[in-house]
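The values are calculated or read from the model by the stated rules, or taken from the named source; none is laboratory data. Bear in mind that the values here come from a model prediction, so they are computed numbers and not experimental data. Quick reminder, even Gly has a Cβ in these numbers, built from the backbone with ideal geometry, and neighbours come from all protein chains shown.
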Amino acid sequence: MSEILVLVEHVDGDVKKVTLELLTLARSLGTPAAVWAGPGYSDAGKARLAEYGAEKIYVANADEIGDYVAAPKAEVLAHLVTERSPAAVFVAATGEGKEIAGRLAIKTDSGVISDAVGVGEGFVAEQSIFGGGVNVHSRVTKGTPIITVRPNSTAPVAAPAAGAEEKVEVALSDAARAARIVERVVQEKGARPELTEAAIVVSGGRGVGSGENFAIIEKLADALGAAVGASRAATDAGWYPHQFQVGQTGKTVSPQLYIAAGISGAIQHRAGMQTSKTIVVINKDAEAPLFEIADFGVVGDLFQVVPQLTEEIEKRK
Amino acid sequence: MNIVVCVKQVPDTATERKLRSDDKTLDRDAADGVVNELDEYAVEEALRLKEAHGGEVTVLSMGPAKATETIRKALAMGADKAVHLHDDALHGSDALGTSYAISQALKKIGFDLVILGSESTDARTGMLAAMLAERLGAPQLTLARKVEVEGTSIRVERITDYGYDKVEASLPAVVSVVEKINEPRYPSFKGIMAAKKKPVETLGVADAEIAGDQVGLANSWSEVVDFAAAPPRAAGTVIKDEGDGGAKAAEFLASKKFI
Ligand SMILES: Cc1cc2nc3c(=O)[nH]c(=O)nc-3n(C[C@H](O)[C@H](O)[C@H](O)COP(=O)(O)OP(=O)(O)OC[C@H]3O[C@@H](n4cnc5c(N)ncnc54)[C@H](O)[C@@H]3O)c2cc1C
Ligand SMILES: Nc1ncnc2c1ncn2[C@@H]1O[C@H](COP(=O)(O)O)[C@@H](O)[C@H]1O
């Protein structure tokens, strides 16, 4: 079977869950080959990729690759597409992932599909568009199919494989060195699961009222082992850092369970959470549009309902 | 500074959006066309940079005849002039074709800075700025929540999964913005009147030296195989809190095996 390249998402040498999902998906359609681009490659990372089915691991770990925006990773992938003629390339549908995929498509004269929620035989991708209103099947008709896949689209399943390492040296072009990252600013918020990867997300909106009050949301999240999200109203007010924003211009999340407290459900917010499997809404306004897509809703004051819910969960543990 | 802002007309997200049953492209006639929201932030940022550094702001939009409404709106906000890339041959272009056509128009217009929204509400590829940077060989300063220009250097804060990156480059460059960057102005009455007299140049594929075999539905690099309305979500249960709302929610979560 022919190779499917999977671009590895990694932080501080750790492989992100979405990569394990992509390897699992790739295994159903071909032979997965992981592509590590950037510094931080480690034995732990290698072991993880092999555990989830990477027959091969292409390693381009020059420091330089991490010093510039998107373009170097696209050059590494383009080099491999030319050398190895893979059957397809899978990239996580994150902000940068989509940009890398776009650049790669141009470099290799290939079609690209954005934000797939599934990929089947013949690399036919499934997309959920117009805020979840329409399901589309689409496919690439020229070049190598390049597909960005939404995190949480597939459950990662381990299937140990060889993980044969192959060093890749790519001389970066000047164009790839044009946008230099001079500083990375990390705004952390505890040790919760990452927002796009979490099975459960608990989000707060304007109704939460202040940054301090977000403790109520965090307590519920912790009782469920969930990630915390926020609406734009909450991030704009500075109550929660912007990287936790869910929605059109924030993260697209697709968890098993999404709990929204004090969020009205504007179209831009729904665009980022509409494909959640189960949706629970807590809002004191019975007319809030988010109730329209709720599996379970409580019309009530979140300051009463959320702590009671948290307490009940703790009791049942 | 010569700034070009890419502005797209999209169907109003408040109305029902559809694909056409004949060629499976977006049905642009079924819904009212509005300015892609994020592009208003792009226009605003262009206007602020012009106010601080001087120069000219040109609106560039690729789309059908009715996209002129969107162009007028950007002009009413204060942009100086516009280019409307409009040709039936462009209908159905995918991200590759669109980025190619727009990059050709940009080469013709000339620019120090190109500013885009980070995503459109209809296509939602979030790729166009990166693709333009690739095609133009210009630095990619995307997902910016802050932009600073000094002489020929440009610095942005790029939002990331963990916070943000500070990124530097030299002009000419391609920038895309997120909604944190500014608060777009409303067009004033004076602005709306003035917009009617501002020059809008229409370019067809030949004018922009766009190769016909690189654009349009038939030449796209991808295709829609089929589509269907998503099955409606089963109606949920909504209860009123009578002092036990939290407990009831917990019961629901337990019934679904979340706890
Ligand atoms: C270009 C653009 C991009 C955008 N991107 C995003 C995005 O990515 N994500 C996003 O979320 N938004 C985004 N928005 C903003 C979006 O349009 C809404 O303004 C925003 O989602 C509203 O946030 P909210 O629901 O928290 O606030 P509101 O709409 O003000 O809703 C607050 C809700 O809290 C309820 N409430 C108040 N007090 C209580 C209480 N004590 N108990 C229970 N309920 C209570 C109220 O009834 C109300 O329904 C974007 C907008 C634009 C223009
Ligand atoms: N037809 C178009 N004309 C002008 N600008 C466009 C067009 N399509 C996309 N853009 C720009 O590209 C951005 C990203 O769009 P997209 O890649 O479709 O998510 C938009 O916010 C616009 O600034």
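Scanning the stretch A:179-229 for residues that are acidic (Asp, Glu), over 21 Å from residue B:259 (Cα atoms) and more than 11 Å from chain B (Cβ to nearest Cβ) yields one hit, A:212. Considering the stretch B:1-54, the residues that are of a type in the set (D, E, K, R) and within 16 Å of ligand 1 (Cβ to nearest atom) include one that is nearest to residue B:173 (Cα to Cα), namely B:45. Within the stretch A:243-260, can one find any residue that is within 11 Å of ligand 1 (Cβ to nearest atom), assigned to a helix (DSSP H, G or I), closer than 21 Å to residue A:216 by Cα and not assigned by the TED database to the domain that holds residue A:94? Checked the stretch A:243-260: at least one residue is within 11 Å of ligand 1 (Cβ to nearest atom), assigned to a helix (DSSP H, G or I), closer than 21 Å to residue A:216 by Cα and not assigned by the TED database to the domain that holds residue A:94.
Can you give me the number of residues within the stretch A:230-267 that are on the phi < 0 side of the Ramachandran plot, facing another protein chain (nearest Cβ under 10 Å) and either under 18 Å from the mean Cα position of the chain (by Cα) or among the basic types (Lys, Arg) (or both)? Matching residues across the stretch A:230-267 total 12.
Flag: residue B:66 does not match the condition of being within 13 Å of chain A (Cβ to nearest Cβ), away from ligand 1 (no atom under 16 Å from the Cβ), over 17 Å from residue B:2 (Cβ atoms) and over 16 Å from the mean Cα position of the chain (by Cα). Taken residue by residue, the stretch B:165-185 has no member that is more than 22 Å from the chain's Cα centre (by Cα), within 30 Å of residue B:144 (Cα to Cα) and not in a strand (DSSP E or B). Tell me, please, whether a residue that is more than 10 Å from chain A (Cβ to nearest Cβ), under 21 Å from the mean Cα position of the chain (by Cα) and either within 16 Å of ligand 1 (Cβ to nearest atom) or under 30 Å from residue A:267 (Cα atoms) (or both) can be found in the stretch B:202-213. No, the stretch B:202-213 contains no residue that is more than 10 Å from chain A (Cβ to nearest Cβ), under 21 Å from the mean Cα position of the chain (by Cα) and either within 16 Å of ligand 1 (Cβ to nearest atom) or under 30 Å from residue A:267 (Cα atoms) (or both). Out of A:143, A:225, A:205, one residue alone is on the phi > 0 side of the Ramachandran plot, over 19 Å from the mean Cα position of the chain (by Cα) and of a type outside the set (S, T, N, Q). It is A:143.
Whenever a residue of the stretch A:30-56 is buried (at least 22 other Cβ atoms within 10 Å of the Cβ), its partners that are at pLDDT 95 or above and of a type in the set (Ser, Thr, Tyr), lying with C-beta atoms within less than 6 angstrom and at least six residues away or across chains, give the pairs A:35/A:58.
Being outside any strand (DSSP E or B), within 23 Å of residue A:4 (Cα to Cα) and in contact with a strand residue (DSSP E or B) (Cβ under 7 Å, 6 or more places away or on another chain) is the filter here; which residues of the stretch A:126-144 pass it? Result: A:141, A:144.
Of everything listed in (1) surrounded by 21 or more Cβ atoms within 10 Å (Cβ to Cβ); (2) within 25 Å of the chain's Cα centre (by Cα); (3) touching a residue at least 40 places away in the same chain (Cβ under 8 Å), the single unmet condition for residue A:180 is (1). Kindly check whether there is at least one residue in the stretch B:44-57 that is buried (at least 19 other Cβ atoms within 10 Å of the Cβ), under 15 Å from the mean Cα position of the chain (by Cα) and not small (Gly, Ala, Ser). Yes, there is a match, as at least one residue in the stretch B:44-57 is buried (at least 19 other Cβ atoms within 10 Å of the Cβ), under 15 Å from the mean Cα position of the chain (by Cα) and not small (Gly, Ala, Ser).
Annotation: of all residues in the stretch B:99-124 being surrounded by fewer than 24 Cβ atoms within 10 Å (Cβ to Cβ) and either in a loop (DSSP other than H, G, I, E, B) or within 16 Å of ligand 1 (Cβ to nearest atom) (or both), the one that is farthest from the other protein chains (Cβ to nearest Cβ) is B:110.
Of all residues in the stretch B:111-152, those that are hydroxyl-bearing (Ser, Thr, Tyr) and within 9 Å of ligand 2 (Cβ to nearest atom) total 4.
Scanning the stretch A:270-295 for residues that are free of Cβ contacts under 8 Å to residues at least 60 places away in the same chain, closer than 21 Å to residue A:150 by Cβ and within 12 Å of ligand 1 (Cβ to nearest atom) returns A:272, A:290. Within the set B:81, B:73, B:107, the sole residue that is under 19 Å from residue B:212 (Cβ atoms) and modelled with pLDDT of 95 or more turns out to be B:107.
Considering only residues that are closer than 26 Å to residue B:108 by Cβ and in a loop (DSSP other than H, G, I, E, B), look in the stretch B:1-24 and name the one that is nearest to ligand 2 (Cβ to nearest atom).
B:8
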